[in-house]
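Heads up, the thing below is written out as structure tokens.
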Amino acid sequence: MGKWTIADMSDQAGRTAIVTGANTGLGYEAATALAAKGAHVVLAVRNFQKGKAAAGLIARAHPGASVAIQELDLASLDSIRAAADELKSKHDTIDLLINNAGVMTRSKSTTKDGFELQFGTNHLGHFAFTGLLVDRVLAAPGSRIVTVSSPGHRYPRSGIRFDDLQWERSYRPLDAYGQSKLANLMFTYELQRRLQDTDTMAVAAHPGGSKTQMVSNSPGLVRLMGPLFQSAEMGALPTLRAATDPGVLGGQYYGPGGLAEQRGYPKVVTSSATSHDVAAQRRLWAISEELTGVTFPLMELR
């Protein structure tokens, strides 16, 4: 399939999709497309009022769309647990869990639990959120967990800084962001290994260079490149293909098919050799369980 677009998405009626960071940018575009195709979409957002505004826009654009809002702060384990509990009380099954939300910062800050903000939000927050909801995902036939990474996963040349995960000795914003995005991929690959012999798959995606609000908060080089980036609507296509294309396989990674994976229609792309280090994946998983206090039920190490 050469140019996969929203028009190629199958009917999503009867499916429940949870999209983190869905009030703006890539998450909003993904949520809108899924709702337009008939899915019941939950906008999992930090700011409830912004989520309400986004839900209103989707409803006006697609009358009859089924959209709900869930308050979720991925920088707080308490908020993650509360959100997961509320979602589980409302949904016996979850067909799509799209881990889209992300932060990119120019200065060092921490989550409410003391983790470096980018690693804590982008990886640990989604790790915990997924682990707390995974039983509902496993209960849905043909379900998928899609986690959004970035070409920036290649930034940290030394891979995951297991000896200084929270960047306490030194702080380099782009490398810290890259570590969080590398962790997203390692999480996906290890999760897929643990999901073998189930009817659920884990897939990763990245948007290439996309015009989103994150760009305005990013380091100078990224902001300078902003005018060259593609639209958020195009940037959401890899996520949507990973979430809905019947031909997707567990453990695949989707991104734009154009030059340097910065623009274009989605296709299967490759990630760094570091991201495929199985020993590092398993070490990261164990540390993530320890830091978040969240373990994944019914999944033995394979």
Handout entry: Over segment 1-118, equivalent-ellipsoid semi-axes from the Cα gyration tensor in Å
Key = 26, 17, 13
Completion exercise
Taking Rh as the Kirkwood radius computed over alpha-carbon pairs of segment 80-156 and applying Stokes-Einstein at 37 °C with viscosity 0.692 mPa s, one gets a diffusion coefficient in µm² s⁻¹ of 239
Completion exercise
Taking Cα pairs closer than 8 Å and at least 6 residues apart, the relative contact order of segment 29-164 in percent is 22
Handout entry: Of Lys88/Lys112; Lys108/Lys267; Lys88/Lys108; Lys88/Lys181; Lys52/Lys112, pairs whose Cα-Cα distance is over 32 Å
Key = Lys108/Lys267; Lys88/Lys108
Completion exercise
Hull surface over four for the Cα convex hull of segment 122-176, reported in nm², is 5.0
Practice task
Can you grab the distance from the C-alpha centre of segment 1-61 to the C-alpha centre of segment 102-122, Å, no decimals?
Solution key: 25
Handout entry: Sorted largest first, extent of the chain alpha carbons per principal axis (Å)
Key = 52, 45, 38
Fill in the blank from the handout: Correct response: the longest run of the chain lacking exposed chymotrypsin sites (Phe, Trp or Tyr not before Pro), defined by DSSP loop and at most 15 other Cβ within 10 Å, is 1-161
Problem - Antiparallel DSSP beta bridges within the chain, as percent of all bridges there, nearest 5 - result: 15
Handout entry: segment 144-178: trypsin sites (Lys or Arg not before Pro) in DSSP loop, at most 15 other beta carbons within 10 Å
Key = Arg157, Arg169
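Each value in this text was obtained by applying a stated rule to the coordinates, not by laboratory testing. Bear in mind that the values here come from a model prediction, so they are computed numbers and not experimental data. No Cβ is skipped: glycine too gets one built from the backbone with ideal geometry, and neighbour counts run over all protein chains shown.
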